[in-house]
Amino acid sequence: MMIFRIVTATGLLLAATSAIAAPAKPKPVSALVITNAREVPATDVAIGANGQTIRLAKPLASKAKTTLRLPKMTGCMVAVAATFEDESLVELPELDVCKDSTVRFTD
């Protein structure tokens, strides 16, 4: 009877350990919060996700914030590109939106 208890306890311990060790699959987000903290407006903001490109419908003013809905995604990686009124360009080729669903453009 004692051997059965030890085996059962060991089995439960192993099951609990594997449950803890198994990382939870990140849930893809449905929106990205974009903040333009720069002194100049963003004339074009494009997000590449799952082979699709989503753009803001209108320029993003200086010191403004908006939320951009993302297409249904299977992963977490997106690419972000923004062009500004002063002709500068910001590119983020690999942004993990499961870890951080915000983008902040700064000077």
Unique residue being modelled with pLDDT under 95 and not aromatic (Phe, Trp, Tyr) when the list is Pro26, Pro41 | Pro26
Number of positions in region 89-107 that are free of Cβ contacts under 8 Å to residues at least 40 places away in the same chain and open to solvent by less than 60 Å² (accessible area, probe 1.4 Å) | 3
Among the residues of region 72-88, write down those that are within 11 Å of Ala31 (Cα to Cα) and surrounded by fewer than 14 Cβ atoms within 10 Å (Cβ to Cβ).
-> Lys72
Single residue of region 23-82 satisfying the filter (hydroxyl-bearing (Ser, Thr, Tyr) and more than 15 Å from the chain's Cα centre (by Cα)) that is farthest from Asp107 (Cα to Cα) = Thr53
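The values are calculated or read from the model by the stated rules, or taken from the named source; none is laboratory data. Only a predicted model underlies this, so the values are computations on that prediction, with no experimental measurement involved. FYI the Cβ positions are ideal-geometry reconstructions off the backbone, even for glycines, and counts take in every protein chain you see. Note: accessible area is taken over every heavy atom of the protein model, side chains too, but ligands, DNA and RNA are not part of it. Shrake-Rupley method; radii C 1.70, N 1.55, O 1.52, S 1.80 Å.
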